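Written out below as structure tokens is the structure these notes cover.
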Amino acid sequence: MTSPPDRPFAATAGHDPEASEEDRMRPGEVAVPLPEGFDAGLFYIGRVRTPWHHRGDCPRNARQSDAVCTIELDPRYAQGLTGVETCTHLLVLYWMHQARRDLVVQAPRHYGEPRGTFALRSPVRPNPIAASVARLVAVEGTRLTVIGLDCLDGTPLLDLKPYFASTDAVADAVVGWHAARKS
Ligand SMILES: C[S@@+](CC[C@H](N)C(=O)[O-])C[C@H]1O[C@@H](n2cnc3c(N)ncnc32)[C@H](O)[C@@H]1O
């Protein structure tokens, strides 16, 4: 079996005393063994350039920062940008390449309490795909200037899609545990 290129942590690495604070397991967290092989492949289509070089310095989500970031698309996909300049916002999908992938229950530092991975927006998940709606400021060739990202400089880009407020925005959507926590 070939070693997965972006899987820096084995299922037990959270107990490694050498692990960084972000990767150390917290009380209540649960790791599972990952499958032997992958079910699909993907292409990195570019890189995201941001001001952040350490995970702890990144905004916790895309709305927490108005920092200007750059999306560098691989020039082979340049024609795929036709029409993108007419969009005010893009759905940006990116690959959290430094995240461990084996936790099914996790306790993010800022929430404390353990919750299921699929009830969280944490980068730690079997497929560490992140999604943010970013404001498109400019398109110059294959460089897109955007506001509204929360990832490390150099994070691989997976996809760009137009954000349709008419179909993507759900004004009355609720994340119950989060709403309860805030009240
Ligand atoms: C909570 S996630 C949210 C990501 C995305 N907005 C989403 O909702 O899917 C954002 C956090 O992921 C971490 N992070 C950023 N870039 C990363 C990377 N390349 N690899 C692993 N973790 C990363 C940082 O701690 C950052 O604050």
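Tabulated data
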item	result
Single match in CYS69, CYS87, CYS58 (criterion: hydrophobic (A, V, I, L, M, F, W, C) and touching a Lys or Arg at 6+ places or on another chain (Cβ under 7 Å))	CYS69
Of all residues making up segment 62-108, the number that are touching a helix residue (DSSP H, G or I) at 6+ places or on another chain (Cβ under 8 Å) and among the basic types (Lys, Arg)	1
Tally, over segment 59-92, of residues that are of a type outside the set (S, T, N, Q), buried (at least 17 other Cβ atoms within 10 Å of the Cβ) and within 12 Å of the ligand (Cβ to nearest atom)	4
Residue within segment 25-36 that is modelled with pLDDT under 95 and within 15 Å of the chain's Cα centre (by Cα) present	no
Residues located in segment 24-72, provided they are in contact (Cβ under 8 Å) with a residue 40 or more places away in the chain and over 28 Å from LEU91 (Cβ atoms)	MET25, ARG26, PRO27, GLY28, GLU29, VAL30, ALA31, VAL32, PRO33
Filter result (in contact with a Pro (Cβ under 8 Å, 6 or more places away or on another chain) and under 16 Å from ASN61 (Cα atoms)) within segment 90-116	LEU90, LEU91, TYR94, TRP95, MET96, ALA99
The one condition in (1) without any contact (Cβ under 8 Å) to a residue 24 or more places away in the chain; (2) in contact with an Asp or Glu (Cβ under 7 Å, 6 or more places away or on another chain) that LEU103 fails to fulfil	(1)
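The values are calculated or read from the model by the stated rules, or taken from the named source; none is laboratory data. All figures in this text were calculated on a predicted structure; none of them were measured in a lab. All Cβ positions, glycine included, derive from the backbone under ideal geometry; neighbour counts span all protein chains shown.
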